[in-house]
C-alpha cells in the first residue's frame, strides 16, 4: 500500500514517518513539508536518520499530489489546512486519514462554534468516519476519509464509552481533568513553548472551552444516546509526551469497581491496545510513552459516591500517529497492531 | 527571638534554614538531624553553604532540647515523630510551630482514621491553632502550638474559604484536582522517587482518600458551618517544587467571576501573599516557585454552570516553610512578610 | 535460542526484557530478581506489561539456574555479583553475556586496582571476549563468555579505535569528557539519585579515576599497540537516558576532518549502528535515545591543532542491553541488527 | 541611584528587574522593551508581579532615554543592539553597564573576527572596563562603561586567573569544557529551543570557535602576560539555569591541590561570591542556582599530571545580572553583596 504523509515535519508527522517506514505492509512513498522542501528527513529530524534513510521532504502542488501513485494520504496538518488538502484528494478518489480536527465533528455549526470559521465541506464532514478503532467500525467501504481522534478525546472516550453504552454511569456530572506533555502543543516556535518557560511549570489552559470539548461531547452523546455536556480541564506539565486523564463520574444505580472493570474487559476483549489495570495500580504516562497502549483504571470514592476513572496514553502514538496507523491496519484488513509498538 | 529547627535536613527543613538564617528578627540557634549529627550544614546541603556558614546539625536529647535558650521550635518531621517532640516541649513551656499533620485536625478520631494510630495527645490537639494566617487569627496567647497547614490544603483553602464564608458557592459538589512537584513527597530515598522514575511521568496517586483530605474537609466545614465532604485527586508531575490546584465548585444562586474576584479582593485586602489574577491569566507554578505567594483565579463554565477555581503556590514556601515563618512573624507582632521572598 | 536474564529488574535488565521478548530468534525463558521473586513483570515494570505478559520474576538457586534449558544467560548485575553467577554457569558449560565490569579487563591486577577486590576468576577473565561488536570479532568458538562493554567506554572506543589503528591520532593527550543521563547510575534508591536532587543539576563526579577508565585505557592500548593513559571526566545531567562524549585528540602528522570521516566510513562500512554525521551536525543524545545507534562526528580546531571528536548513544541500548543483544545476534550467526531498534 | 534597564524582557533583563526592584540603594526608574511597550511587567513576567508592581515596559526614543533622570543604564540586549544604545548614552554623559559582548574585548579586530562586523566605536571599546569584580578594580572614575562578562567566561576566568597570575599553571594546553542550562540561549522563540527539542537532550554546540572564546582568551592572556590560545567546548543540557565548567590545566612545576586552593583562598579572601569547595565535593549547578555564588574546586589527576578545575554558577546571576549589580555596588561604594542573594 503506497502512502504519503502531508505535513511530515511536525511531531505527529515524525511519528507517522517512524511508524510507516517500518510498517511491513506499507510503502511510504512521499512525505511533504513546505518548510523543508528538498531536505533529507535525517537532516531535519536526526532521530530518524537511520530509519528513513532515503526519504526527502517534497512540496508538490495539489496536481502533483493527486498524480502520486499513493492510495492513502495521511494529513498531519493544523485544522483548516488539513481540509484544503483533504477535499481535492477525496474528490480525486484518494483515501485520507486526517489527524487534524477538520473532519471529527458531525455538525458543521459545532465546528464553526469551536474552530471559528465555517466548515469548508459539510458534505465530506457528513461522510467522514471517526477513527477510534476500539469503539467504531472502520472500513474503506464506509467512507474514504477517516478522522483520527484528538489526543485528549482518546484518553476520555476509551474509558467512558463502554460505561455509557452499558448504562453504568450517569450522563450528568462528568468532569474530565487532563495533564498533557508539551508535544501536544506542536512544534511551531513560540515563547510559551520554550524550554525555560515550560520546564518547572504546571498549570491549566484553554479553560473553559478547549476545542477538543466539541469532539468529546459529540462522541459521548452518541454512545449515551442523549446530549451530554461535560467539563474539561486540560493542563500542561513538563514532559515531552503523554496524557493522563482523571475523570469524575457518577454511577447509574448500584455499581462497583469490579463491575466497571468487567464492562471494560468485555468491551475491549481482544483489543491489544487497551489495558485495564489492577486495583492497586494507577495509570501513569511513564508506563505508556513509546507504546500505542492506553492504560485505564477506576477507583470508587465511597465517601462521595463518585467514581474516579483514570487513563494514560502517549499523545503522539495512541493519541495521534499510532492510532492513525491502527485505523489504516483495520481498513487494510491487517491485524490492528501491525507495525505498532 | 531564638529558634530551633528539629529535623532540618529534609526539604521543608532546608527551606526553614534558608529563611530563618536570613530573617532579621530571628536567631536560628540550633538545627537538629539524627542522620547528620555533627555535620556542618553546608556539607549536607551545599546550596546553603554560604547562608548558614556556622551552623552544624546536632542531635540533642529531649532534656538538652528543652535546655536550649530557644523560645520557638519548628518541627519539620514526619507525622507521628513530630508529636513525640512537640508534647514534651509544650509541657516545658516552649512554643512550637509544627509543619507535620500531627496537630492540624480538631478531632482525634479523624486523626486515627486518616493516620492509622491513636493521637498521642488529644489535649494538645484540642489546644492547637491552625496556622493559615490569611484565614485564622494567630497569637501566642491563643496557644503555644501552631499547626502549619499542609501544602495541598493551603492551595485549596485559600481560594475556597472566603467563598464559603460569603455563601457564594455550594457546599456540595466540590472536587479538587491537584498537581504537585516531587519535593512534596519528601527526601527519603525510594525507588518511586528516583529521577528516572519521576522524570517524563505524570499520574494520580493516593486515591480516593489522601491524608490531606481530612484537613481540607475539617477546615472547609468550619467556614461552611456545615459538614463538607469533597473529592480530592492529587497527581505528581516532573518538577521540583510547586502545586497547582484546579477546583470545581457550584455557585450558590447568582454568581459571576467578578463577584468571586471581588470577594477574594475584599477578604485578602492587605495580605501580601495572596494574588488574584486577571481574567485572562491562569495560575502556573512557574510564576510562584521561589516566592511565598499563592496566585488564584476563577473561570466560569457557562455551559455547565460550574466555576473552575485555580491556584498555584510553592509547596515548600507557602505550602510549608514560608507559611510557618509567616505565622511566626504574626505571633511576634512583625509585618507578616518579614524575611519572606 | 532459550535465554535467561539474571537481575532483570534494573534498568539494563528491563531493556533486555524488552528486547528479548520481541526478538524473533530468541525465547526468553526466565528472568530472575531476588527482590521481586514471584511477581509478574508487568506489576514491577508496568511499561512492559503488554510485551512481557506471561513473564514472572523467579529467584532460582544456582543448581536450578544450571538446570534451566537455557543456552545463554545475560547477567545484568552489579560488578562482583555478576562473577558469582558467571563462574558456575561457565563451569557448567553455559554461555554468558555479562553486562557488568567483571570480565571486561584482561589484567586481574588492574581489576583489583579499580574495583577494590581481587578478581574471583583470573582464568575466566583471561578467556573472556570483549563484546564491542564493531571492533572485535565475536564467536562462541572463541569463548563462552562475552563481556559487554560499559556505556562510557562504548561512546569513546567507537570513535577512537579506528583512528588509533590507522595511526591518525596521537596516543598522548587524549581527554574524554562525557555527560550521562541518570539511568547510568542504576536503580538502587539513594538520596543523590532522587528526582529533586538530580533535576536542575549538572556536575562532574568520579574524578579523577572513574572505574570505566580502566576499561577504556586497556582497549585503547590494544588498538594503539602501546600503553595509553587518558583523562576521563564524566558528568551527570538531568535526563533519563543517553551519553554524549566530547573527546580531545591530537593529530598524528597531517590530518583533516574528511580524513577522519573517511577512516570511520571505511572501518564501519556495513555496520548498521554507527552513523558518521555530516560536518554541520553535532551528535545529541536526543537523536539516538531509543535506538541502538551511536552518532559520531569530528570538528578540527584550527586554532590549537586539536580535533574534537563527539559521540552520542543511548546508554541503556548501545551502551548496555542493545549492544549485548547485538553480540548475541553475531554469535548466533544472525544479522547483527535482528530485534534491535 | 536612579537606574534604567534597556531590554528588560529577556532572561537577563528579568533577573535585573528582580534584583534592582529589591535593591535598597537603587531606584529602578524605567524598564524598556520594544516588544511589550505599555504592558505592566507582571503581565509579561508573572513571576515578578508582586515585586515589580508599578513597573510598566516603555519604549522611549533615544532622546527620551537621555532625558530620563537616570544615572546608570543597564543594557540587557543582544550584541550589536547594545552598542547602538551605549554610544549615545555615554556621549550624553550617562553611565552604562552593558551585559552584552559589545565592550568586553580590547581589540576591535578581534571583535570583528568573532562577531562578524566592525566594532561601532573603537574609542569607547578602548575605554571600557571589564566588569569581573573579583579580578578587576572597578570605578566610575576609570570609565563610565562597564562591560559585564559573559556567563561562560566568568565560570572559566574566576578559577584560572589567580593560578595564571601566580604562575602555578602552564599557559599551554588549557581545555575548557562547559555545560549550560537553556536560558543561556535567550528567549527568542526558535524550534531548537522548544521544550520538546531540549528536554531529554545533551550535546555540544558552537564548536570550535564559540564567540565567548575571544573574551576568555583576551582575559587569560592579560593575566598570563602572554598570548594564550585555549580550546572551549560548550554543551547544552536540559535545565533552566546554571553553568558547570570542567577545565583541564597542566601544572607549572611542582603543584598540589592544596596549593591551588591556598592560591584561591588568598586571592579571593573577603570576596563573598567565590567559594572554594572541600576536596571531596564537586561543584554542581544545583547548589548555586538562585545565588550570585560561584563554587570552584580542583582535582589532581596523578596518572596524567593534569589538574581538573571545576566551577559552577548561575548563568543568569553570577554569569549575568547578578554580576552586573555586583559591579554597580562596587562603583557606588557599597558592600559588593548589597541586594544580592
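Taken together, the values in this text are just the output of simple stated rules run on the coordinates, not laboratory data. Just so we're clear, the structure is a prediction, and the values are computed from it rather than from any experiment. Quick reminder, even Gly has a Cβ in these numbers, built from the backbone with ideal geometry, and neighbours come from all protein chains shown.
The table that follows gives values for the structure above.
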{"read-out": "Segment D:2-127 - percent relative contact order, Cα under 8 Å, separation 6 or more", "value": "21"}
{"read-out": "Label distances, nm, residue C:250 versus same residue in remaining copies, Cβ-directed 7 Å point", "value": "0.7, 8.0, 8.0"}
{"read-out": "Cα-projected label distance for residue B:303 with residue C:61, points at 7 Å along beta-carbon direction, nm", "value": "6.5"}
{"read-out": "Efficiency of FRET between residue A:141 and residue A:113 - r from beta-carbon atoms, R0 35 angstrom, step 0.05", "value": "0.65"}
{"read-out": "Tensor-based shape of the protein assembly as shown (alpha-carbon gyration tensor, a/c under 1.5 rounded, otherwise prolate or oblate)", "value": "rounded"}
{"read-out": "Residue mean of other protein chain beta carbons inside 10 Å, C:119-128", "value": "0"}
{"read-out": "Cα-based Rg of segment A:2-127 normalised by 2.2 N^0.38 Å, two decimals", "value": "1.08"}
{"read-out": "Per-residue average of Cβ from other chains inside 10 Å of D:279-288", "value": "6"}
{"read-out": "For residue A:272, inter-copy label distances in nm, listed shortest first [label point 7 Å out on the Cα-Cβ vector]", "value": "1.9, 6.1, 6.4"}
{"read-out": "Volume of the Cα convex hull of chain D, divided per residue and given in Å³", "value": "135"}
{"read-out": "Ascending count of other beta-carbon atoms within 10 Å, so fewest first, for D:250, C:36, C:152", "value": "D:250, C:36, C:152"}
{"read-out": "Mean-position separation - Cα centroids, segment B:133-210 and segment D:171-250, in angstrom", "value": "41"}
{"read-out": "Over chain B, relative contact order from alpha-carbon pairs under 8 Å, at least 6 apart, %", "value": "17"}
{"read-out": "Residues listed by number, segment A:53-82, amide nitrogen under 18 Å from residue A:2 label point at 7 Å toward C-beta", "value": "A:54-75"}
{"read-out": "Label 7 Å beyond Cα on the Cβ vector: residue D:192 copy-to-copy distances, nm", "value": "2.5, 3.4, 4.2"}
{"read-out": "C-alpha long axis of helix D:11-21 to longest principal axis of chain D, angle in °", "value": "70"}
{"read-out": "q = 0.12, 0.19, 0.21 Å⁻¹: log10 I(q)/I(0) that the Debye formula gives for segment D:186-255, counting C-alpha atoms only", "value": "-0.48, -0.93, -1.04"}
{"read-out": "Quarter of the Cα convex hull surface for segment C:152-313, i.e. its orientation-mean projected area (nm²)", "value": "9.9"}
{"read-out": "Residue exposure sequence - D:216, A:146 - by fewest surrounding Cβ within 10 Å", "value": "D:216, A:146"}
{"read-out": "Folded to 0 to 90 degrees: helix B:212-224 orientation relative to chain B principal axis, Cα", "value": "60"}
{"read-out": "Per-residue average of Cβ from other chains inside 10 Å of B:38-46", "value": "3"}
{"read-out": "Euclidean distance between Cα centres, segment D:1-72 to segment A:27-42, Å", "value": "45"}
{"read-out": "Modelled label reach - residue D:227, point 7 Å along Cα→Cβ, segment C:284-309 residues with backbone N closer than 18 Å", "value": "C:301-306"}
{"read-out": "Inter-label distance, nm, simple model (7 Å from Cα along the C-beta direction), residue D:35/residue D:332", "value": "2.8"}
{"read-out": "Folded to 0 to 90 degrees: helix C:321-331 orientation relative to chain C principal axis, Cα", "value": "80"}
{"read-out": "Label-point separation, residue D:127 to residue C:170 (7 Å along Cα→Cβ), nm", "value": "4.6"}
{"read-out": "Computed [θ] at 222 nm, helices only, for the protein assembly as shown once each DSSP H run of length n ≥ 4 contributes -39500 (n - 2.57)", "value": "-8000 deg cm²/dmol"}
